Each structure stands twice: as C-alpha cells, then as structure tokens.
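S.K.: Take a look at this one; I'll ask things after.
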Amino acid sequence: MSIRTGQMSHLSWSEVCARRLERHALSVPSRDARPADVVAAMCGAHAQVLSAAELSIGLRVAGLTRADVRRALWEERSLVKTFGPRGTVHLLPTGDLPMWTGALSALPLRNSHAKNVRLTPGQTDEVVEAIAAVLQDAELTIDELSQEVIAATGPWAGDLVMPGFQDMWPRWRQALATAADRGALCFGPNRGRKVTYTSPRRWLPGFRPADGATALAGVLKRYLHAYGPATPAQFAQWLAVPRRWAAELFESLAGELERVEVDGAPAWLAAGDGAMPSAPPRGVRLLPYFDAYTVGCHPRELLFPGPAAGRALAGGQAGNFPVLLVDGTAAGVWHQRRSGRRLDITVEPFAPLTAARRGELDDQVERVGEFLEGEPRLTIGTVTVGAHA
C-alpha cells in the first residue's frame, strides 16, 4: 500500500501492548469514566454473553458496579444492546449509534444462505420496514415480532427454511441483524427469560444512520485508536468483511493514516495518533469471554504465544476462553463457577507466576468478586471447561 505520512516509526511488540493496554484502561483502570466512555474506547463490548460484557466494562473502571452498567443500559440508555461488528451482539454507546449504523449498513453484503432460503433485496427492504413500524412504540419477543412481520409482509416471510439451534426459523429472521444495521431495531430489556426487541428511536429522538463513507472512516479510526497499529487484513477479520474491500478502504483514507513498522512488519495508525506510553506493559488481568482486547488485537501469534495458541484459542478464534492476561499477552485461561454468593475461580497459568504476579492475581480475583457481588475463592489448577460456542 502507498499510505505513509512523515517519518516512519519503528515499534516493538512491547510498545504496542503498552499502547493497547492504556487505550483499553487495562494498564490502570479509569477512575472517572462512564460505562459508555469505556465501551466507546473498546469499539463496543461483545455481549453474546451479557454478564461477560458487564465484567469487561467493570474491570476497566475502578469501583464501577454491575448495577452501574445495567443502569447505563436499561435506565439512562447511554448504552444500547444491538448487533455490531461481525453481526454479533454488542453493547455500543447510544451516542455513537448513528456512526455504527451508518458504517455497518454500508458494508459489502455477504449472504451465506442457500439460494432457496435467501431473501431478495426487495424482500429484505420489506422486512426491515415492517420491523421499524411495529417496534416504533413496542418491546416484542421474537415470536411476537415474527407474527407482526409476517402479517405485514406476507406468508413467504414465515417459511420455516432457516436452520437455527436444532430448529427451523422463519425466512424473515435472516434480516434481523440487517434491521439493526439500518437502525430499525435494537434489544429491549428481557421479559422474564425472553429477549425483547425495540426501536432505538424510542430514546434517541431524531436518530438516523450517518453517511456511509463518513461513518466507515470514523469506525476505522476508532479501531486503529483502540487496536492499532493494525493492517487491512486484521481490520477485515475484526469486521468480517473481504480483505480486498478493507484494503481499498485504507487506501481511500491514505492521507489520514500513517504507516509504522512493528518488529519489522508494516501496520497503520490514524495520522497524529502515534503517542506511546513511556512505561512497558504491566499488569495481570482476568478477561472474560469475548473480551474486546483478546478478540480485536493482532497478530494472534504474538498475543497468544507458545502454548496459549493451542490452549486459549478455539480453532484460531479468540474469545471462546476467558484469558489470564499478563503484560498484555495471553498467559493462561480461567473459569468461574457460582454457588450462591460463593465464586470458585480457577486459574490455569501457562507458566509459574512470580510472587508479585500472584499478588496481582489475588487483587484481580477480589475485583472480579466485588463486581459480580460474590465471595471469590481462587484455585490455581487446570481449567476443565471447554470453549464457549
């Protein structure tokens, strides 16, 4: 690529780790950030497991409680639960929703469904319009939403053709994430054990997605701020888009990016955002399932060195195991099991911990227990629980 601005910087992996830890508030937890501030800095908190997303946020802000995160999500509405990068469930700052929806709705379309299952572009538009209309002033379960969408569009939308969790789902459901990308849908509070969906316009008056090109530039710069230096291929993996498309986006923003080298390999930052911490990467952290740091940071072979590649990744995919992070790299896995107020936390380090590291781990266990409102008990041993799906 031809992107280059000024004198090229030569960075070490250690410097990159220190930068990313600082940007993620994992070197020193913030003392005054709001949940939405932290989530913005992470480019979203992966919320496939909502309790894990809550803990991801809680570990980054000193003294923050689980009630604080839930208040931000369901009462203050400064956070929104919706479909984000890779079509997966995320918590995003509500104030950033115009940028995110503008960017996600501008991504190249990829449809992995068989031809006899797919919605046509026109049918997709019909479904999204129906969803927007029925959720305007409502919070509906998936079954209630399905009835409304089929009634508004036609029987074809209800054809049970989509495989889903040992069941068959109606055809229209393949447009669920698309509706979120276009700003027509987000998650509402659970009704008992059932998920609900609603419209983000209910608490963001005047909301509409931002211009696609502007929004994509914004998301790329946010990504590079949190996870840079990074390459187009790494950005493509994070966003689940074709590599060529990502390379073209980088090239289109050539004047706003600068090239650096990380241990001799080329990577990119947003121009003017090359500040590095003066101290080396430090700290022991217990990152939960799908924490943004482990999912978004690359190269994998440096973030998950040696035995970590086989033990803390699932088929090369990050996030499926909670990770013991030491000085910015994966150094173990862990698991917690709850019984009443007691939290049994098992940590499996990949190498012996020094006395100082063990003290930091004890502090981190206490913080996890505090946030999860439990009484933690630490065991150093083998984690026998497999990868999360």
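The values are calculated or read from the model by the stated rules, or taken from the named source; none is laboratory data. Please read these numbers as outputs of a predicted model, since none were measured by experiment. Cβ placement follows ideal geometry from the backbone for every residue including glycine, while neighbour counts extend to all protein chains displayed.
S.K.: Looking at this structure, is ARG191 under 24 Å from ALA53 (Cβ atoms) and either without any contact (Cβ under 8 Å) to a residue 40 or more places away in the chain or surrounded by 13 or more Cβ atoms within 10 Å (Cβ to Cβ) (or both)? First the steps, then the outcome.
M.R.: Values: under 24 Å from ALA53 (Cβ atoms): yes; either without any contact (Cβ under 8 Å) to a residue 40 or more places away in the chain or surrounded by 13 or more Cβ atoms within 10 Å (Cβ to Cβ) (or both): no.
Judged against the criteria, ARG191 is not a match.
S.K.: Quickly run through region 52-80 and pick out the residues that are under 29 Å from GLN237 (Cα atoms), surrounded by fewer than 22 Cβ atoms within 10 Å (Cβ to Cβ) and in contact (Cβ under 8 Å) with a residue 60 or more places away in the chain.
M.R.: Answer for region 52-80, where residues must be under 29 Å from GLN237 (Cα atoms), surrounded by fewer than 22 Cβ atoms within 10 Å (Cβ to Cβ) and in contact (Cβ under 8 Å) with a residue 60 or more places away in the chain: just ALA52.
S.K.: Additional query: In the set GLU54, GLU76, which member is in the same structural domain as GLY228 (by TED's automatic domain parsing) and assigned to a helix (DSSP H, G or I)?
M.R.: GLU54
S.K.: Can I ask one more? What residue, among those in region 252-307 that are hydroxyl-bearing (Ser, Thr, Tyr) and over 22 Å from the mean Cα position of the chain (by Cα), is surrounded by the fewest Cβ atoms within 10 Å (Cβ to Cβ)?
M.R.: Top of the filtered list is SER278.
S.K.: Suppose we keep only residues that are basic (Lys, Arg) and within 22 Å of ASP96 (Cα to Cα) within region 194-248. Which one would you say is surrounded by the most Cβ atoms within 10 Å (Cβ to Cβ)?
M.R.: ARG222
S.K.: Report, ordered by the first and then the second residue, all pairs with beta carbons closer than 7 Å, sequence separation of six or more or different chains, a first member in region 137-163 that is surrounded by 15 or more Cβ atoms within 10 Å (Cβ to Cβ), and a second member that is assigned to a strand (DSSP E or B) and among the basic types (Lys, Arg).
M.R.: Once the first residue is surrounded by 15 or more Cβ atoms within 10 Å (Cβ to Cβ) and sits in region 137-163, its partners that are assigned to a strand (DSSP E or B) and among the basic types (Lys, Arg) give THR141/ARG191; THR141/LYS194.
S.K.: Does at least one position in region 110-120 carry a residue that is under 21 Å from the mean Cα position of the chain (by Cα), outside any strand (DSSP E or B) and not small (Gly, Ala, Ser)?
M.R.: Looking for residues that are under 21 Å from the mean Cα position of the chain (by Cα), outside any strand (DSSP E or B) and not small (Gly, Ala, Ser), one finds at least one in region 110-120, hence yes.
S.K.: Is it true that LYS81 is modelled with pLDDT under 95, of a type in the set (Lys, Arg) and more than 18 Å from ALA240 (Cβ to Cβ)?
M.R.: Taking the combined requirement at face value, the residue does not satisfy it.
S.K.: Please go through (1) aliphatic (A, V, I, L, M); (2) modelled with pLDDT of 95 or more; (3) under 26 Å from PRO85 (Cβ atoms) for ALA114 and return the number of the only condition it doesn't satisfy.
M.R.: Of the numbered conditions (1) aliphatic (A, V, I, L, M); (2) modelled with pLDDT of 95 or more; (3) under 26 Å from PRO85 (Cβ atoms), the odd one out for ALA114 is (2).
S.K.: I want to confirm something. Restricting to region 261-273 and keeping residues that are in contact with a helix residue (DSSP H, G or I) (Cβ under 9 Å, 6 or more places away or on another chain) and touching a residue at least 40 places away in the same chain (Cβ under 8 Å), which single residue is nearest to SER27 (Cα to Cα)?
M.R.: Within region 261-273, the match that is nearest to SER27 (Cα to Cα) is ASP273.
S.K.: Looking only at helices (runs of 4 or more DSSP H) that lie completely in region 161-249, which have at least 1 residues being farther than 27 Å from VAL127 by Cβ and either in contact with a strand residue (DSSP E or B) (Cβ under 9 Å, 6 or more places away or on another chain) or in the same structural domain as VAL16 (by TED's automatic domain parsing) (or both)?
M.R.: 212-227, 232-239
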